[in-house]
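S.K.: The structure under discussion is supplied below as C-alpha cells; questions concerning it will follow.
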Amino acid sequence: MNVPAWVWLTTLLVIGVVFAFDLLVLGRRPHEPSRREVGVALSIYVGLAVLFGLGVLVVSGGQLAAEFYAGWLMEYSLSIDNLFIFLIIMAKFGVPRKYQQFALMVGIVMALAMRAVFILVGAAAIERWSWVFYVFGAFLIYTAFRLATENLGHDEQEDDFQENALLRWVERRFPVTQSWDGGTRLRVVESGKRVLTPMAVVVLALGTTDLLFALDSIPAIFGLTQEPYLVLMANVFALMGLRQLYFLLGDLLTRLVYLGLGLSVLLAFIGVKLILHAMHENELPFLNGGEHFGVPEVPIWLSLTAIVVILGVTALASLTKSRRDAARGATEPEDQPQVSSPEARDDR
C-alpha cells in the first residue's frame, strides 16, 4: 500500500483538528454526557470507520480493507478491556462525573501520540528484521496465557489500580492539590504557589496506563496488517470512540465477565498467526538452515471471521451468565427468607 506523503499529512492534520476541537469544547463546558449524546457521537465514529474501510476497499482492494476492519475490531475489543482500569482510576482519584469526559479525552490524546511512536518503531523493525514476528508472536502467546490465568483466578476483591513509577515520581517531585476546585485545569495557584491539580495526575494515569496496554495491542495488530497507515487509523478510530463507550456501557462492563478470557483466546490466535508468518518468511540461519518453512499462513478472511466469532461468543456467554446470576440473586430472598438485611439487599 503506497500512501503519499500528502495523505499522511492531511490525515494527521484532520486528526489533530478533531481532537483539538473536542478538547476545547469539553474544556469550556465540562459535563456528564447524556446517553443520547454519547450514542450519537459513537454512531458517527463507528460510521466514519466503516466509511474509511469502504474507501480502502475502493482504492486498494478487498485484502487491505479486510485488514483494516480486522485491526479496528481487535483494537476496539482490547480498548473495551481498558475501560475496566479506567473505571478504577476514576474511582481511586474521586473524579467528579462532570470532569470524567475531559480526563478521558486528554488521556486518549496522550495515548494516541505515544502509540504513534510505537507504530513507527514497530513498522521500522518489521521492515528491517523479519524475525521480529517470532518475538511478537511469542509475546502475544505469553500475554494470552497470563491474561487467561488471571481471569480464571479472578477475585473482585483484588481489583485495584497500582500507581506506576512515573506517577509516583510526579507526585513526589511536584506539589499536588487534593481539591477539584480547579476543574479541568492542570495547574492552579494555591497559597501563593503553583501546584498540579488532581486532573493532571488522572490524565497522566490514564495515558500511561493505555501505553502499557499498547504493548499488547500494537504487536497484535501488526499480526493482522503490516501497513503502518492502516495500523494508525485502526488505533485512531478505536480510541476516538473509547470515551463514548465508557459512558454508554456503564455498568454493562461489569457483566462482560468472560471478556478477559475471550481476549486471551484472541491474542493467542494472533500470536500463532504471527509465528506461522515468521516461519513462512524465516531467514534465521539456525532455523531450517535459514530457509523458509513450508507452513500455511492464516488468510485475513479467517482472521476477521475468528475475531467476530470470538468476540460474539464471549459477549453472549458473558451476558447469559450475568442474567443467570441476576435471576439467582432475585430468587434468593424467597429461598432463604432469613437473608433480609440491608447489607444483603445492597450486595444484590
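S.K.: How big is the charge dipole of the chain about its Cα centre, in debye rounded to the nearest 20, if each Lys and Arg gets +1 on its Cβ and each Asp and Glu gets -1 on its Cβ?
M.R.: On the way: 26 positive and 32 negative charges, 247 e Å.
Approximately 1180 debye in magnitude.
S.K.: With an 8 Å cut-off on Cα pairs and a minimum separation of 6 or more residues, tell me the relative contact order of segment 21-139 in percent. The partial results should precede the final answer.
M.R.: Numbers: 37 pairs, mean separation 45.1, N = 119.
It comes to 38 percent, rounded to a whole number.
S.K.: Right, next: Round to the nearest 10 and report in Å² the accessible area of D181, as given by a 1.4 Å probe over the protein chains' heavy atoms.
M.R.: Rounded to the nearest 10, the figure is 140 Å².
S.K.: Cβ under 15 Å from H292's Cβ, H292 left aside: what net charge do those residues give with Lys, Arg +1 and Asp, Glu -1? Provide the component values of the computation, followed by the final result.
M.R.: On the way: positive: none; negative: E281, E283, E291, E297.
Local charge sum for H292: -4.
S.K.: What nm distance separates the two modelled labels at R168 and K193, each placed 7 Å from Cα along Cα→Cβ?
M.R.: Each label point lies 7 Å from its Cα, and together they span 2.2 nm.
S.K.: Relative contact order for the chain using alpha-carbon pairs under 8 Å, separation at least 6, rounded to a whole percent? Mind dumping the intermediate values first?
M.R.: On the way: 371 pairs, mean separation 94.2, N = 348.
It rounds to 27 percent for the chain.
S.K.: In whole percent, how big is the carbon plus sulfur part of the accessible area of segment 160-209, probe 1.4 Å, protein atoms only?
M.R.: 51
S.K.: Quickly estimate the mean residue ellipticity at 222 nm for the chain, helices only: each DSSP H run with n ≥ 4 gives -39500 (n - 2.57), and the total goes over all residues, rounded to 500.
M.R.: On the way: 12 runs with 253 residues, N = 348.
The helix contribution divided over the chain gives -25000 deg cm²/dmol.
S.K.: Helices from the chain with mean Kyte-Doolittle at least 1.0 and a Cα length along the axis of 24 Å or more, per DSSP H: which?
M.R.: Numbers: long enough: 5-28 (34 Å, 1.90); 35-60 (37 Å, 1.63); 62-92 (45 Å, 0.94); 97-128 (47 Å, 1.11); 132-152 (30 Å, 1.19); 198-222 (35 Å, 1.70); 259-280 (31 Å, 1.82); 300-335 (52 Å, 0.44).
The answer, listed by residue number, is 5-28, 35-60, 97-128, 132-152, 198-222, 259-280.
S.K.: Using only the Cα atoms of segment 1-78, build the gyration tensor, take square roots of its eigenvalues as a ≥ b ≥ c, and label the shape rounded, prolate or oblate: rounded if a/c is under 1.5, else prolate if a/b is larger than b/c, else oblate.
M.R.: Oblate is the answer for segment 1-78, as a/c is 1.5 or above yet b/c matches or exceeds a/b.
S.K.: Let a ≥ b ≥ c be the square roots of the eigenvalues of the Cα gyration tensor of the chain; is it rounded (a/c under 1.5), or, if not, prolate (a/b larger than b/c) or oblate?
M.R.: Numbers: a/c = 1.73, a/b = 1.26, b/c = 1.37.
Since a/c reaches 1.5 but b/c is at least a/b, the shape of the chain is classed as oblate.
S.K.: Label segment 204-278 by shape, choosing from rounded, prolate and oblate, from the square roots a ≥ b ≥ c of the eigenvalues of the Cα gyration tensor; if a/c is under 1.5 it is rounded, and otherwise prolate applies when a/b is larger than b/c, oblate when it is not.
M.R.: oblate
S.K.: For segment 236-297, what is the relative contact order in percent, using Cα pairs closer than 8 Å and at least 6 residues apart in sequence?
M.R.: Numbers: 27 pairs, mean separation 13.1, N = 62.
The value is 21 percent.
S.K.: Could you give the accessible area per residue of segment 49-204, probe 1.4 Å, as a whole number in Å²? Mind showing how you got there, number by number?
M.R.: Details: 8120 Å² over 156 residues.
Per residue, segment 49-204 has 52 Å² of solvent-accessible surface.
The values are calculated or read from the model by the stated rules, or taken from the named source; none is laboratory data. The structure displayed is predicted, hence computed values, not measured ones. Ideal geometry is used to build each Cβ from the backbone, glycine not excepted, and the neighbour counts take in all protein chains shown. We work out accessible area using only protein heavy atoms, side chains counted, and drop any ligands, DNA or RNA first. Shrake-Rupley method; radii C 1.70, N 1.55, O 1.52, S 1.80 Å.
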